[in-house]
Structure formats: C-alpha cells, structure tokens
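Below you'll find the structure, written out as structure tokens, and then a few comments.
Each reported figure results from applying straightforward, stated rules to the coordinates on display, with no laboratory input. Bear in mind that the values here come from a model prediction, so they are computed numbers and not experimental data. Neighbour counts run over all protein chains shown; Cβ positions are idealised from the backbone, glycine included.
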C-alpha cells in the first residue's frame, strides 16, 4: 500500500525512506502546528509510532489533545533556557513566533498579531521529563519560525541524540537561508549534513551514518506515496458517487413502485370489466330467465321468517309461485337438466315448509290445509314423483 504524505514539503517521505525498517518508532516535533495538515508526524502516528508534540498555540494544542491521545502533547515553547516570553500568535497559520523581528515582518504584511505570554522550556528538560529511559528518538523536527538557534542550543547533544534532525533553514515566508546561525551546533555535536529540500536541512547522527544513503535523491516515484490532499479529493469523489448512486437507486425504486401500482390498477380494471361481462352473460342466459320464478319464490321464503300466522299464511304466500313454476315445467319437458335442479330445490323447499309447520307456535298441520291448498300441494307432489320416475 502506498504511503500517504501529509507533510508540507515531503519531509515525511524522506524520513520514511531512511527509517523504513523501524517499527513503532518515536519522534519529537517542536512547533508541531496542525496535527493533520502539513504535519511531518501524522503518517508515522498512523503507522503506530508515538512521540511528543510541542505546540504553544492553544488552538493547535487542543486539536492534538483530541486526535493524538496516544502522544505526549505539550503546550509550551522551546528556547535556550526555561523562562516566560511574549509570543506573537498569527491566527489560523503556522507562523506564530518568539522572534520579535519576524513578528514585526508579519505585522507589516497586514497580518493580525495577538501577543501572549507563554511558558518556555528546553529540549533538555523535555528529554529528561518525557522521553522514556532507553527510548531511541528516531527523528527530531524543529520549526519555530526564526527561533531555531535558541531551540537547538537548549539541548544536551551529548546525552540526547536523535538519529535524524531536520530543521527549517530559511527565513519565514522566504527562500533566504538562515541555517548559518545554528548549523555549527549540530556539526560540532557529530551530526552530518545529509540533505536540503529548499526549506529544511536534514542531519544524521554519526553513530547512524548508514542512513545517509537514504538522502541521496529527492522524493520520487520509487517512494510509492500519494498526497493526503489527493486522497481527500478521491474520498470526496467516491462519497459523491455513492450519494449519486443511492439517489439514482431511490429514484429507480420509486419509478418501479409507480409501475407496479399502475400495473395493479390496470389488472383491477381488467378484472372488473371481465366480471361485468360475465355477469351480463349470466343475466342474458336462458337458465337465468327460466329460474326467475324460483328466485322470486326464494325471495318470498326469506320473508316468511317473520310471519307468525301459521301454515295457512305460508301457503297463501307460496301457492301462486309454486303453481307458476309447476305449469312452466310441465309446458317445457325438454329442459330436463334445468328441471332436475329445480326439483331438487323444490324438495328442499318442501322440507322447509314442513319444518315451519312443526313450530310450536303453529298449531296447523297438512291435514288442516284448505281444500285449494291441498290440491296445489298434491299437484306439486305428483310432479315431483313423476319427474323422479323419468330421471
């Protein structure tokens, strides 16, 4: 997997090349500024390294406290001796400085300066108080906006020896080199100049001079790295594509839902039309016309549940319909199949009449029928018997 470079000028790429064999290394970052943007240490932290971030700007320090919980984060400035000094803070930049001359330049360029007193300590103190015993410091980075010389002089270079030291080597916001004021401190402490990138100078401790070859060439394609800004853009693009695809998927689902609803509506319309046609066919059929008297009779029977006047009233209501049905069947003996169904229904009607006749509130019996009712009933019974014989 390619390395992600967060540093301003590929410093992390050069350090990674030189220290590629180190697992769980340790760093000290003086003038750390942002924990992610233009950070020399972010790539190493993500790989499991730990270290000390020194940043007196309270805004940046609070960010380190939030996102670098496994690091040691110190809200102090670094100088030659422990003291208190006025520091010039330039909002939303990494240009804050203890150097009054540099602060005056920033003010002359129209930048707003906020001066505050800060605690100043030394690299020697930081080493003694915060670097674990026997812990190698694999690199020390110093970027203190024109106060590099004081910061370098505040270390005990005999006792505290980082493998690699990189120091910002130009006057802030310019290409004018300024390393002449402090380089001799490092070279006299047995550090060898290894590389300059136009902004920083890299030095390697004499006891680790095997690392010098790693600084022979500037960052190149063989270092296999990508810029954090590129990764961020690609991630944003992927997120945008996912959002677009999700919106398209939702739109397709909505369209499909509408199509299903329309299809269902059309199916209901089709079923309704089909049923209406079938019903119309039934209404116009010969069997429907032939059974009209029977349906009328059944309708009358349903109303008979509320009749409390006994069997005589039942037969008076039923007589005319039965007579019509019997005569109709006698005149049309060729409708045999219909007659069979009608006779079956008549048998059931007979049983219903008998059940009604047997109710407690009715004292009538068949024997008590009127002469005319008895004649109708006998005629009906004869039709049923004759039809059963023929069937």
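Neighbouring Cβ atoms within 10 Å as the yardstick, rank 282, 125 fewest first. It would help to have the intermediate numbers written out before the result.
Working: 282 10, 125 17.
Taking fewest neighbouring Cβ atoms as first place, the list is 282, 125.
Could you tell me whether segment 56-151 comes out rounded, prolate or oblate from its Cα gyration tensor? Rule is a ≥ b ≥ c as square roots of the eigenvalues, rounded for a/c under 1.5, then prolate if a/b exceeds b/c, otherwise oblate.
Prolate, since a/c reaches 1.5 and a/b exceeds b/c.
So how far apart, in nm, are the two label points at residue 263 and residue 222 if each is 7 Å from Cα heading toward Cβ?
6.2 nm
Answer rounded, prolate or oblate for segment 3-223, using the Cα gyration tensor with square roots of eigenvalues a ≥ b ≥ c: rounded when a/c is under 1.5, else prolate when a/b is larger than b/c, else oblate.
rounded
Arrange the following residues from fewest to most other Cβ atoms within 10 Å of their Cβ: 193, 202.
So the residues, fewest neighbours to most, are 193, 202.
Just subtract the alpha-carbon distance of residue 135 and residue 251 from 0.36 nm times their residue separation and send over the number in nm, one decimal.
35.9 nm
Could you give the length gained by full extension between residue 111 and residue 276, i.e. 0.36 nm per residue of separation minus their alpha carbon distance, to one decimal place?
The span from residue 111 to residue 276 would gain 50.8 nm if fully extended.
Restricting the count to DSSP beta bridges whose residues both fall in segment 3-223, what percent are antiparallel, rounded to a multiple of 5?
55 percent
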